[in-house]
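K.L.:
Sharing a structure, written as structure tokens. Questions coming.
The values are calculated or read from the model by the stated rules, or taken from the named source; none is laboratory data. Treat the numbers as computed from the prediction; the structure is a model and nothing was measured. No Cβ is skipped: glycine too gets one built from the backbone with ideal geometry, and neighbour counts run over all protein chains shown.
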Amino acid sequence: MRIVTWNINGIKARLPVITEWLSQQKPDILCLQEIKSVDENFPREAIESLGYNIETHGQKGFNGVAILSLQPFDEVHRGLPGNEEDMQARLIEGVFSTERGAVRVCNIYLPNGNPVESEKFPYKLNWMDRLQDFVQSRLEYEERFILLGDFNLIPEKIDCHDPEAWWGDALYRPESLAKFRKLHNLGLTDALRAVTEAPSYTFWDFQSGAWRRNNGVRIDHLMLSPQAADQLEGVIVHKELRGWDKPSDHVAVEGRFSF
DNA sequence: ATGCCGGGTACGACCCGA
């Protein structure tokens with residue numbers, strides 16, 4: 001099974017790129033972040049005509065996540081528990097059947113958190129606390145569980161073209177990384193790091209010629225339960241997508257599994 | 001280093017991203 005995460009920075013603007021890429025690659029599951037669309041306006045027909053089932057969790061203007069799957073969904077869950085006041089659409093989870101039981105795919109758009117002095121940074125940290133509780137409860141199922149998406153977290157120095165410049169940013173500072181380590185230490189495997197020690201950026205800013213200068217960061221991740229990690233066959237960062245016409249600033253990251 | 005880019009809303013700037 002091929003399972004992909006991709007922050008597409010607006011479904012409306014990115015529809016031509018997405019349909020072209022789906023036609024070429026035909027992944028089993030494509031998880032999108034930043035659809036920037038309400039559910040009613042998601043361009044379902046263009047994607048359904050390629051054979052995909054679609055579940056969305058959108059909101060007006062910002063955020064929003066979706067899962068596209070060749071296989072039908074057994075279950076769908078929307079939203080991160082733990083704060084009834086939080087209206088931001090940043091999590092959708094799908095459960096799928098295989099011959100050997102369930103695969104649970106949880107797609108997240110973790111808050112950016114900048115500027116650090118604003119209310120956005122404590123919101124990020126609080127969101128990560130809630131995610132910690134959610135993932136801990138999910139791992140109790142002892143299933144093939146994949147937590148993937150735009151984490152807005154730079155795990156290590158190697159994941160950043162210019163660590164000194166980024167240090168202190170909400171994506172790369174002690175409070176953020178402490179919570180990321182805590183999540184990791186629940187027993188999750190960082191899929192990309194399980195297969196390579198090489199720098200493997202997933203985001204290049206639109207500004208300042210970041211792509212041309214390879215000034216990138218790795219912030220899009222697949223984190224695997226032990227049951228999923230045992231069946232990991234490889235990870236592909238689809239870097240070429242950043243060079244397409246009208247690209248997202250993020251590229252797709254694919255995990256290949258033997259289930 | 002912020003808002004140089006790019007998308008969204010809504011139609012003229014302003015919000016947001018990382």
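K.L.:
Take the residues in segment A:36-61 that are near DNA strand B (Cβ under 9 Å from one of its atoms) and surrounded by fewer than 15 Cβ atoms within 10 Å (Cβ to Cβ), then tell me which one is nearest to A:ILE146 (Cα to Cα).
P.N.:
My answer is A:VAL38.
K.L.:
Any residue at all in segment A:160-177 that is part of a helix (DSSP H, G or I), closer than 23 Å to A:LEU30 by Cα and either of a type in the set (Lys, Arg) or away from DNA strand B (no atom under 14 Å from the Cβ) (or both)? Give the steps one after another, and end with the answer.
P.N.:
Of all residues in segment A:160-177, those part of a helix (DSSP H, G or I) come to A:163-166, A:174-177.
With the extra rule that they be closer than 23 Å to A:LEU30 by Cα, the set shrinks to none.
Checked against the condition, which is being part of a helix (DSSP H, G or I), closer than 23 Å to A:LEU30 by Cα and either of a type in the set (Lys, Arg) or away from DNA strand B (no atom under 14 Å from the Cβ) (or both), segment A:160-177 yields no hits at all.
K.L.:
Give the residues of segment A:38-49 that are in a loop (DSSP other than H, G, I, E, B) and either under 21 Å from the mean Cα position of the chain (by Cα) or among the basic types (Lys, Arg) (or both), sorted by residue number.
P.N.:
Kept after step one, since they are in a loop (DSSP other than H, G, I, E, B), are these residues of segment A:38-49: A:38, A:42-43, A:49.
Correct list: A:VAL38, A:PHE42, A:PRO43.
K.L.:
Moving on to the next point. Restricting the search to segment A:154-169, which residues are surrounded by 23 or more Cβ atoms within 10 Å (Cβ to Cβ) and either under 25 Å from A:ALA89 (Cβ atoms) or among the acidic types (Asp, Glu) (or both)? Please lay out each step first, then the result.
P.N.:
Filtering segment A:154-169 down to residues surrounded by 23 or more Cβ atoms within 10 Å (Cβ to Cβ) leaves A:154, A:159-160.
Once the filter is applied, which keeps residues that are surrounded by 23 or more Cβ atoms within 10 Å (Cβ to Cβ) and either under 25 Å from A:ALA89 (Cβ atoms) or among the acidic types (Asp, Glu) (or both), segment A:154-169 yields A:ILE154, A:ASP159.
K.L.:
Only one of (1) modelled with pLDDT under 95; (2) part of a helix (DSSP H, G or I) fails for A:GLN136. Which number is that?
P.N.:
(1)
K.L.:
Determine if segment A:52-62 includes at least one residue that is hydroxyl-bearing (Ser, Thr, Tyr) and within 25 Å of A:ASP133 (Cα to Cα).
P.N.:
At the first step, the residues of segment A:52-62 found to be hydroxyl-bearing (Ser, Thr, Tyr) are A:52, A:56.
If we keep only those that are within 25 Å of A:ASP133 (Cα to Cα) as well, we get A:56.
Checking segment A:52-62: at least one residue is hydroxyl-bearing (Ser, Thr, Tyr) and within 25 Å of A:ASP133 (Cα to Cα).
K.L.:
Being crowded, with 21+ Cβ neighbours inside 10 Å and modelled with pLDDT of 95 or more narrows it down to one residue among A:GLN33, A:GLN71; which is it?
P.N.:
Just a single option satisfies the conditions, and that option is A:GLN33.
K.L.:
Sticking with this one: In this structure, is A:LEU30 touching a residue at least 60 places away in the same chain (Cβ under 8 Å) and more than 16 Å from DNA strand B (Cβ to nearest atom)?
P.N.:
Working: touching a residue at least 60 places away in the same chain (Cβ under 8 Å): yes; more than 16 Å from DNA strand B (Cβ to nearest atom): yes.
Answer is yes for this residue.
K.L.:
In contact with a helix residue (DSSP H, G or I) (Cβ under 8 Å, 6 or more places away or on another chain), within 15 Å of DNA strand B (Cβ to nearest atom) and either free of Cβ contacts under 8 Å to residues at least 12 places away in the same chain or assigned to a helix (DSSP H, G or I) (or both): which single residue out of A:LEU125, A:LEU153, A:LEU131, A:LEU183 fits that description? Even if it seems obvious, please write down each step before you answer.
P.N.:
On the way: A:LEU153 fails: either free of Cβ contacts under 8 Å to residues at least 12 places away in the same chain or assigned to a helix (DSSP H, G or I) (or both); A:LEU131 fails: within 15 Å of DNA strand B (Cβ to nearest atom); A:LEU183 fails: within 15 Å of DNA strand B (Cβ to nearest atom).
None of the other options fit; the residue is A:LEU125.
K.L.:
Which strands (runs of 3 or more DSSP E) does segment A:50-101 wholly contain that include 1 or more residues that are polar (S, T, N, Q) and either farther than 15 Å from A:LEU32 by Cα or touching a helix residue (DSSP H, G or I) at 6+ places or on another chain (Cβ under 9 Å) (or both)? So that I can check it myself, show each step before the final result.
P.N.:
Numbers: elements: A:53-57, A:65-69, A:75-78, A:91-98.
So the answer is A:53-57, A:91-98.
K.L.:
Can you tell me how many residues within segment A:79-111 are within 16 Å of DNA strand B (Cβ to nearest atom) and surrounded by 17 or more Cβ atoms within 10 Å (Cβ to Cβ)?
P.N.:
Number of matching residues: 9.
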